[in-house]
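Asks: Got a structure here, written out as structure tokens. Questions coming.
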Amino acid sequence: MYSSQNLIINGSQVNCETDINLNTGWNLMGYLSSSTSQIEDQFSYVIEDVIIIKDDLGNVYWPFYGINSIGTLNPGKGYQIKV
């Protein structure tokens with residue numbers, strides 16, 4: 001673009017209680033909630049299947065090795081998840 005423009009997006013917020021199915025291998029997931037949450041709490045129901053979760057800053061949640069440099073999931077952020 002050669003000049004400033006406005007981008008208007010209309011829609012409604014997605015229900016944060018929606019189940020997200022994860023496929024074997026790598027998945028991309030946007031965090032839908034409007035508030036932060038501990039990563040362990042959000043993935044407790046599938047923790048035995050999670051190999052690693054990465055954010056866009058290079059932080060990881062790697063339960064097998066007890067590594068959690070992500071800490072909290074943040075609204076509007078995306079995460080890569082390997083199951």
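The values are calculated or read from the model by the stated rules, or taken from the named source; none is laboratory data. Just so we're clear, the structure is a prediction, and the values are computed from it rather than from any experiment. Counting neighbours? That spans all protein chains shown, and the Cβs are built from the backbone with ideal geometry, glycine included. For the accessible areas, the whole protein counts, side chains as well, though only heavy atoms, and no ligand, DNA or RNA atoms are used. Shrake-Rupley method; radii C 1.70, N 1.55, O 1.52, S 1.80 Å.
For (1) closer than 12 Å to ILE81 by Cα; (2) in contact with a Gly (Cβ under 8 Å, 6 or more places away or on another chain), each residue gets a yes or a no:
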| site | (1), (2) |
| --- | --- |
| ILE9 | no, no |
| GLN13 | no, no |
| ASN23 | yes, no |
| TRP26 | yes, no |
| MET29 | yes, yes |
| SER33 | no, no |
| GLN38 | no, yes |
| SER44 | no, no |
| ASP49 | yes, no |
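Asks: For segment 38-54, name all the residues that are closer than 22 Å to GLN13 by Cα and surrounded by 15 or more Cβ atoms within 10 Å (Cβ to Cβ).
Replies: Of everything in segment 38-54, those that are closer than 22 Å to GLN13 by Cα and surrounded by 15 or more Cβ atoms within 10 Å (Cβ to Cβ) turn out to be ILE39, GLN42, PHE43.
Asks: Moving on. Quick test of your reading of the structure: MET1 fulfils all but one of (1) free of Cβ contacts under 8 Å to residues at least 40 places away in the same chain; (2) hydrophobic (A, V, I, L, M, F, W, C); (3) surrounded by 12 or more Cβ atoms within 10 Å (Cβ to Cβ). Name the failing condition by number.
Replies: (3)
Asks: Residue pairs, Cβ under 9 Å, 6 or more apart or interchain, first in segment 16-32 and in contact (Cβ under 8 Å) with a residue 60 or more places away in the chain and open to solvent by 100 Å² or more (accessible area, probe 1.4 Å), second assigned to a loop (DSSP other than H, G, I, E, B) and of a type in the set (A, V, I, L, M, F, W, C). List them.
Replies: ASN23/VAL83
Asks: Right, another one. Examine segment 62-69 for a residue that is free of Cβ contacts under 8 Å to residues at least 24 places away in the same chain and surrounded by 15 or more Cβ atoms within 10 Å (Cβ to Cβ), and state whether such a residue exists.
Replies: Checked segment 62-69: at least one residue is free of Cβ contacts under 8 Å to residues at least 24 places away in the same chain and surrounded by 15 or more Cβ atoms within 10 Å (Cβ to Cβ).
Asks: Filter segment 10-63 for residues that are at pLDDT 95 or above, farther than 19 Å from PRO75 by Cβ and among the aromatic types (Phe, Trp, Tyr); which is nearest to the chain's Cα centre (by Cα)?
Replies: TRP26
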